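Here the structure is laid out as structure tokens; the discussion comes afterwards.
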Amino acid sequence: MNGIPAHRLACLCLLWASPLPGAEFESSQWKFRAAVRVHERGRLCVIPFERALYARMRQDLGDLRVIKDGEEIPYVIETIAGSVEQRECRPAILNKSAVRDTGVQVTLDLGKCDDLSRHSRVSFMTPETNFRQKVRIETSDDNRFWMVAREDGYIFDFTQGDKKLSVLTVDYPVSTRRYVRATIFGWTSPDAVTGAGSAYRVERLAERYIIDAITPERSEDAATRTSILALDLAQSGLPHDRVRLEVDRSDFHRAAELEVSEDAKTWRIISRGTIFQVPGEQSLALSYSERHDRYLRVRIFNGDNRPVPVLRVYVETLKRLIKFLPASDGDAWLYYGNPAAAPPVYDLAAILSRQAPFPETTPMVGQWQINPNYRAPAEPAKPWSERYPALLYVVLGVAVVGMGLVTIRFLLKVRDA
């Protein structure tokens, strides 16, 4: 059938022939829907999440249903999160000295780091604060002839009161050489470096989706010498886990922090880090655990420097994909917007993980619409006292008058006695 291998066809037939428990899908509890045009049976349909979906779904995404011909189709939600592989080691320090008119030089021997045949990062420990120092990294096979691995690394520390932000690592291209020499320019005392480490780090980048691109409302706080960038996503409930700045071509290296709020009055700090831009390198993003707050505020610590010209701020989340296998061509529907729906439990993810990759297709998704069969849930019955407040007050009034008459009669009897 259309060139589908026999074992895969058997898997597809199993999926298509296994109806989900229960009767035909009852759509009246789902407020929104969008049409999906399926063109080819046997292909894995892949639909990227967009803001229109996020804006009308629950935060846990558990109210999504894929429906075709009145029946529920299993699906998976794949998050393109990327990955990081890192192995660390504390190598022996062969030499630590001050080089006149240059800086502090540290030589590391990775020969005893058995789990680190490759390396790509060096880290430093220092008691120094409030600095920004250029770092050169060199590598060697014999501790005699050296090759420059990176010329323009930087380490950084910003300490102000109870706030402390620092970046004490320098990355360089992956190397297999035994020796690493780091030169920290501008420092004059070997005691400025109290320790060093080496690591092999490979990062497979995540794919991201831009929830909004905002021209921030900017203000300057003279007391703290900071720039404040205010952002409004226009509604709560949208997922976000990173803000990324678009700046002009200025060179800078600043501490920054990110705050969030639901009402633009009460703020909470959720991320601290550094942002910088120098020739050939930049880092302009702050990451954090996923949140759904409407308001965000980026604070950049300028010190005595000119404020950073920020043109735009991108609020991002990880890219997510809806994947499902339709049983036939034709229109399917995405239903969502049901706060009471239980998250579905399907075995499609396990089945797909045991198969060779299916050919994929991206079907056309129509505009979202109000489900014509939607019936808003009935409001819970109000207590008797809320339904008839006037009658309640009358009853209370009569009771008070009655108690007053009884009290008066009792007092008169007491007087006569």
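The values are calculated or read from the model by the stated rules, or taken from the named source; none is laboratory data. In this text the structure is predicted, and so the values were computed from the model without any measurement. Positions of Cβ are backbone-derived with ideal geometry, glycine not excepted, and every protein chain shown enters the neighbour counts. Accessible surface is based on the protein model in full, side chains and every heavy atom, while ligands, DNA and RNA are left aside. Shrake-Rupley method; radii C 1.70, N 1.55, O 1.52, S 1.80 Å.
Once amide H atoms are placed 1.01 Å from N in the peptide plane, what residues at a sequence separation of 5 or more from V174, or on another chain, have their amide H within under 5 Å of its amide H?
none
Stretched out fully, how many nm does the piece from A234 to T102 gain, at 0.36 nm a residue minus the Cα gap?
Separation in residues times 0.36 nm, less the Cα-Cα distance, equals 42.3 nm.
Whole-Hz Karplus ³J(HN,Hα) for segment 75-83, in order, using 6.51 cos²θ - 1.76 cosθ + 1.60 and θ = phi - 60°, x for Gly and Pro?
9, 10, 10, 9, 9, 8, 8, x, 7
List every residue whose amide H lies under 5 Å from the amide H of N371, counting only residues 5 or more places away in sequence or on a different chain, with H placed 1.01 Å from N in the peptide plane.
F32, R33
List, in order, the whole-Hz ³J(HN,Hα) value for each residue of segment 27-39 obtained from phi through the Karplus relation with A = 6.51, B = -1.76, C = 1.60 and θ = phi - 60°; use x for Gly and Pro.
Each residue's phi maps through the Karplus curve to give 8, 5, 8, 9, 7, 10, 7, 9, 7, 10, 8, 9, 9 Hz.
Return the distance in nm (one decimal) between the two label points of a simple spin-label model at Y374 and R87, each offset 7 Å from Cα along Cα→Cβ.
That separation, rounded to one decimal, is 5.4 nm.
Tilt of helix 6-17 relative to the longest C-alpha principal axis of the chain, in degrees (0 to 90, nearest 10)?
Compared with the principal axis, the helix lies near 30 degrees.
Going through the cross-link list K31/K68; K96/K163; K96/K134, which pairs have a Cα-Cα distance over 20 Å in this structure?
From K31/K68; K96/K163; K96/K134, over 20 Å: K96/K163.
In whole Hz, with x marking every Gly and Pro, tabulate ³J(HN,Hα) for segment 48-56 from phi via Karplus 6.51 cos²θ - 1.76 cosθ + 1.60, θ = phi - 60°.
x, 5, 10, 4, 4, 6, 4, 5, 10
Angle check, please: helix 389-416 long axis (alpha carbons) against the longest principal axis of the chain (alpha carbons), in degrees 0 to 90, nearest 10.
70
Given a 1.4 angstrom probe, I'd like the percentage of the accessible area of segment 28-91 that is carbon and sulfur, rounded to a whole number.
After summing per-atom areas, the C and S share lands at 41 percent.
So what is the relative contact order for the chain, in percent, with contacts set as C-alpha pairs under 8 Å and at least six apart?
28
Counting Lys and Arg as +1 and Asp and Glu as -1, what is the net charge of the other residues whose Cβ lies under 12 Å from the Cβ of V122?
+3
Leaving out ligands and nucleic acids, and using a 1.4 Å probe, what accessible area per residue does segment 37-152 come to in Å²?
About 53 Å² of surface per residue is accessible.
Based on the Cβ-Cβ distance of D329 and N305, what FRET efficiency does E = 1/(1 + (r/R0)^6) give at R0 = 56 Å, to the nearest 0.05?
0.35
Considering amide H positions built from the backbone, and no H for Pro or chain starts, which residues 5 or more places from L94, or on another chain, come under 5 Å of its amide H?
Long-range HN contacts for L94: T107, L108, D109.
How big is the accessible area of V278 in square angstrom, nearest 10, if you roll a 1.4 angstrom probe over the protein chains?
20
List residues of segment 294-312, by number, whose backbone nitrogen lies under 18 Å from a label position 7 Å along Cα→C-beta of T129.
Once the point is set 7 Å along Cα→Cβ of T129, 301-304 turn out to lie under 18 Å by backbone N, inside segment 294-312.
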